[in-house]
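Visitor: Quick one: structure below, then a few questions.
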Amino acid sequence: MHLEFTEEQKMLRESVKTFAEKEVAPLAYEIDREERFPSESFKRLAEMGLLGVTVPAEYGGAGAGYTEMCIIGEELGVVCCSTSATWGAHADLCVDNIRRNANHAQKKKYLPPLCEGSRIGGLAMTEPSSGSDVLSMKLRAERRGDSFRLNGSKIFISNGPVGDIFVIYAKTAPEKGAHGVSAFIVEKEFPGFSRGKKFEKMGWRGSPTGELVFADCLVPAENLLGEENKGADVLMSGLNTERILLGALSLGISRGAFECALKYAKERIQFGKPIAAFQLIQSKLADMSMEIELSRLITYRGAAMADRGLTRELNLIAAYAKLFTSEVAMRVTTEAVQILGGYGYMKEFPVERMMRDAKLQTIGGGTSEIQRLIIAREILSAK
Ligand SMILES: Cc1cc2nc3c(=O)[nH]c(=O)nc-3n(C[C@H](O)[C@H](O)[C@H](O)COP(=O)(O)OP(=O)(O)OC[C@H]3O[C@@H](n4cnc5c(N)ncnc54)[C@H](O)[C@@H]3O)c2cc1C
């Protein structure tokens, strides 16, 4: 098993790291405090060609893979989880989904503006009464000639308050349960589409989260993504790569908190010595660095498998990566706050924000409990 990055991937990491440190980090505190979308960074990500990472050049993208996607998500996550999350909702949840499942005409219409950043994307599956049990969704799509009429709502949608184009899932044949779900590409201009509430959050505050409302919303039949009633396949096709990318984001958060704690531990003097000289602090730093290394291994192993198209094997690895890295991010950020003591609890240092951001990693994209259920299912059904 090779986990060596290519020269191109190393160069990509360097350029995203430089951009993140110089341009994203200075905004992290402000977008968190003001709960605002990082439009400056989004524009720059577009200029750098990082909004359509996996999209072939003919549709305006970079033609790269999931390893590159993870490198970007990780490096942005080191300095600002919100920027990484809002970019991921666009580049992975919306753009990569369209790249994987759309027909040529849909790709030609939607991918170029999404890749150049003139349109912002998102993906909507969650509803007020269906989260983990996502296929019990109620949003109804009824065929009316050459259109579908949608009624219902979606909640907790990343980029919901600012997005222009959404991949959404609705029931086209409710009596068929999971076999009656279809996916659609919906533009914010479609009649009957509106935005509901924008949520106030504990973390991920610079990644706006909102409600989408569909009141007799008319969606042209040509905007069906994949086949009618095969939406569950479209939905499942994205969950594993989303979980790998969330692993990269968790890894980034852990690294950011660790780097801050390590520097602080070397500089903070108590009892006449740097606190890094105390073995109880060293023990924390040792565990943090070990868990970060393991997060890196499982995340990039998953990314490499996704790049090789090992879809079936990815179910287990993606669940491992999502579960492990998110729980590590929670532990590492909590310990980082502890190492900084009272300063760790203040907004002058980024670790309190990182701890708040890390919590969502154990919830969004499938909770830790659901990842454990997937892992159990996979190991119990293995032949
Ligand atoms: C900031 C943020 C951004 C998000 N972005 C998006 C987005 O862009 N698009 C989108 O579609 N959704 C998004 N979500 C929704 C997210 O994916 C869901 O919140 C998540 O899947 C959990 O669903 P739920 O909140 O309804 O919790 P529930 O499913 O109601 O779960 C509540 C608790 O019960 C547990 N539980 C549920 N079922 C079981 C079971 N069978 N066994 C054991 N325990 C169980 C869960 O693990 C959890 O602890 C976002 C959420 C947040 C908070």
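The values are calculated or read from the model by the stated rules, or taken from the named source; none is laboratory data. What you see is a predicted model; the values in this text were computed from it and never measured. Here the Cβ is made from the backbone with ideal geometry for all residues, glycine too, and neighbour counts use every protein chain on show. Side chains are part of the model used for accessible areas, which takes the heavy atoms of the whole protein and leaves out ligands, DNA and RNA. Shrake-Rupley method; radii C 1.70, N 1.55, O 1.52, S 1.80 Å.
Visitor: Pick out the one residue from Ile317, Ile379, Ile374 that is surrounded by fewer than 16 Cβ atoms within 10 Å (Cβ to Cβ) and at pLDDT 95 or above. Lay out the reasoning, then the answer.
Guide: Details: Ile317 fails: surrounded by fewer than 16 Cβ atoms within 10 Å (Cβ to Cβ); Ile374 fails: surrounded by fewer than 16 Cβ atoms within 10 Å (Cβ to Cβ).
None of the others qualify; the one that does is Ile379.
Visitor: So, of the residues in the stretch 167-201 that are in contact (Cβ under 8 Å) with a residue 60 or more places away in the chain and near the ligand (Cβ under 9 Å from one of its atoms), which turns out to be least open to solvent (accessible area, probe 1.4 Å)?
Guide: Tyr169
Visitor: Another question, then. For residues that are within 13 Å of Gly163 (Cβ to Cβ) and either in the same structural domain as Lys109 (by TED's automatic domain parsing) or hydrophobic (A, V, I, L, M, F, W, C) (or both), tally how many sit in the stretch 191-228.
Guide: Summing the residues that are within 13 Å of Gly163 (Cβ to Cβ) and either in the same structural domain as Lys109 (by TED's automatic domain parsing) or hydrophobic (A, V, I, L, M, F, W, C) (or both) in the stretch 191-228 gives 2.
Visitor: Something else now. List the pairs whose first member sits in the stretch 125-142 and is assigned by TED's automatic domain parsing to the domain that holds Ile185 and free of Cβ contacts under 8 Å to residues at least 40 places away in the same chain, whose second member is more than 8 Å from the ligand (Cβ to nearest atom) and among the aromatic types (Phe, Trp, Tyr), and whose Cβ atoms are under 9 Å apart, counting only residues at least 6 apart or on separate chains?
Guide: Filtered contacts from the stretch 125-142: Arg140/Phe214; Glu142/Phe148.
Visitor: Looking only at the stretch 28-35, decide whether some residue is part of a loop (DSSP other than H, G, I, E, B), within 25 Å of Cys260 (Cβ to Cβ) and either touching an Asp or Glu at 6+ places or on another chain (Cβ under 8 Å) or modelled with pLDDT under 95 (or both).
Guide: Step one: list which residues in the stretch 28-35 are part of a loop (DSSP other than H, G, I, E, B), which gives 35.
Narrowing the set further to residues that are within 25 Å of Cys260 (Cβ to Cβ) leaves 35.
Pick out the ones that are also either touching an Asp or Glu at 6+ places or on another chain (Cβ under 8 Å) or modelled with pLDDT under 95 (or both) and you get 35.
Yes, some residue in the stretch 28-35 is part of a loop (DSSP other than H, G, I, E, B), within 25 Å of Cys260 (Cβ to Cβ) and either touching an Asp or Glu at 6+ places or on another chain (Cβ under 8 Å) or modelled with pLDDT under 95 (or both).
Visitor: Between residues in the stretch 98-118 that are farther than 17 Å from Val234 by Cα and touching a residue at least 60 places away in the same chain (Cβ under 8 Å) and residues that are among the hydroxyl-bearing types (Ser, Thr, Tyr) and open to solvent by less than 60 Å² (accessible area, probe 1.4 Å), which pairs lie under 8 Å by C-beta distance while being six or more apart or on different chains?
Guide: Filtered contacts from the stretch 98-118: Cys115/Tyr59.
Visitor: Next up: Please work out which one of (1) open to solvent by 40 Å² or more (accessible area, probe 1.4 Å); (2) part of a helix (DSSP H, G or I); (3) not basic (Lys, Arg) is the condition Ala215 fails and give its number.
Guide: Looking at each condition in turn, Ala215 falls short on (2).
Visitor: Has the stretch 84-101 got any residue that is aliphatic (A, V, I, L, M), away from the ligand (no atom under 16 Å from the Cβ) and either part of a strand (DSSP E or B) or open to solvent by 10 Å² or more (accessible area, probe 1.4 Å) (or both)? Can you show your working first?
Guide: To start, the set of residues in the stretch 84-101 that are aliphatic (A, V, I, L, M) comprises 85, 89, 91, 93, 95, 98.
Applying the additional criterion that residues be away from the ligand (no atom under 16 Å from the Cβ) yields none.
Within the stretch 84-101, not a single residue is aliphatic (A, V, I, L, M), away from the ligand (no atom under 16 Å from the Cβ) and either part of a strand (DSSP E or B) or open to solvent by 10 Å² or more (accessible area, probe 1.4 Å) (or both).
Visitor: With the checklist (1) assigned to a loop (DSSP other than H, G, I, E, B); (2) within 13 Å of the ligand (Cβ to nearest atom); (3) farther than 21 Å from Ser207 by Cα in hand, flag the one item Leu373 doesn't pass.
Guide: The one condition Leu373 does not meet is (1).
Visitor: Would you check if there is a residue in the stretch 237-245 being over 17 Å from Thr86 (Cα atoms), in contact (Cβ under 8 Å) with a residue 24 or more places away in the chain and outside any helix (DSSP H, G or I)? Spell out how you get there, then give the answer.
Guide: At the first step, the residues of the stretch 237-245 found to be over 17 Å from Thr86 (Cα atoms) are 237, 240.
Subset that is in contact (Cβ under 8 Å) with a residue 24 or more places away in the chain: 237, 240.
Among the residues that remain, those that are also outside any helix (DSSP H, G or I) are: none.
No - not one qualifying residue is present in the stretch 237-245.
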